[in-house]
Amino acid sequence: MSVSLLDRWANWIGDRSLEQAIQAELRRGGFAVHASKIIRPRLVAIERPGWVQVHRFEVETLDSERHAVRLFGAVRDDGRSERPRVVLTHDRNERDSQLDAWCEGLIRRD
């Protein structure tokens, strides 16, 4: 089965450091990193001049018992700091609450 260019583009993060931060958080949570697929990453908010960016995404992966799980994630990246902050949860509403907190005072892209 071939993946269309449009599908690849829709799931493209475009920032290697963000991808690595997400993978590190998956690893810390005991999830399979190499069996994971980051889907629908989207920029949610930005602070001028662009240093602070907030993204949302979902991850399809395996837990420590090799069961398929879907996680909802958020990343807050301040280009002036060392590492992006990543939150992964099984609950979409919990992720959305974290996004609301991180987006306070930023320019939202809804």
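The values are calculated or read from the model by the stated rules, or taken from the named source; none is laboratory data. In this text, all values refer to a predicted model and were calculated from it rather than measured experimentally. Positions of Cβ are generated from backbone atoms using ideal geometry, with glycine treated the same way; all protein chains shown enter the neighbour counts.
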Item to complete: Restricting attention to region 85-110, report how many residues are within 19 Å of Phe31 (Cα to Cα) and touching a strand residue (DSSP E or B) at 6+ places or on another chain (Cβ under 6 Å).
Response: 7
Discussion item. Need pairs with beta-carbon distance below 9 Å; first residue over 12 Å from Arg56 (Cβ atoms) and within region 68-97, second hydroxyl-bearing (Ser, Thr, Tyr) and modelled with pLDDT under 95; sequence gap 6+ or separate chains.
Written reply: Asp77/Ser17; Arg83/Ser17; Pro84/Ser17
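Residue-wise test of (1) among the small types (Gly, Ala, Ser); (2) touching a helix residue (DSSP H, G or I) at 6+ places or on another chain (Cβ under 7 Å).
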{"site": "Ala45", "(1), (2)": "yes, yes"}
{"site": "Pro49", "(1), (2)": "no, no"}
{"site": "Glu60", "(1), (2)": "no, no"}
{"site": "Asp63", "(1), (2)": "no, no"}
{"site": "Ser81", "(1), (2)": "yes, no"}
Response to the item:
So, first residue without any contact (Cβ under 8 Å) to a residue 24 or more places away in the chain in region 55-66, second residue among the hydrophobic types (A, V, I, L, M, F, W, C) and part of a strand (DSSP E or B), Cβ within less than 6 Å, six or more apart or across chains; the pairs are Glu58/Ile39; Glu58/Phe72
Item to complete: Give the residue that is surrounded by the most Cβ atoms within 10 Å (Cβ to Cβ), with candidates limited to residues of region 19-61 that are within 14 Å of Asp77 (Cβ to Cβ) and of a type in the set (Val, Ile, Thr).
Response: Val54
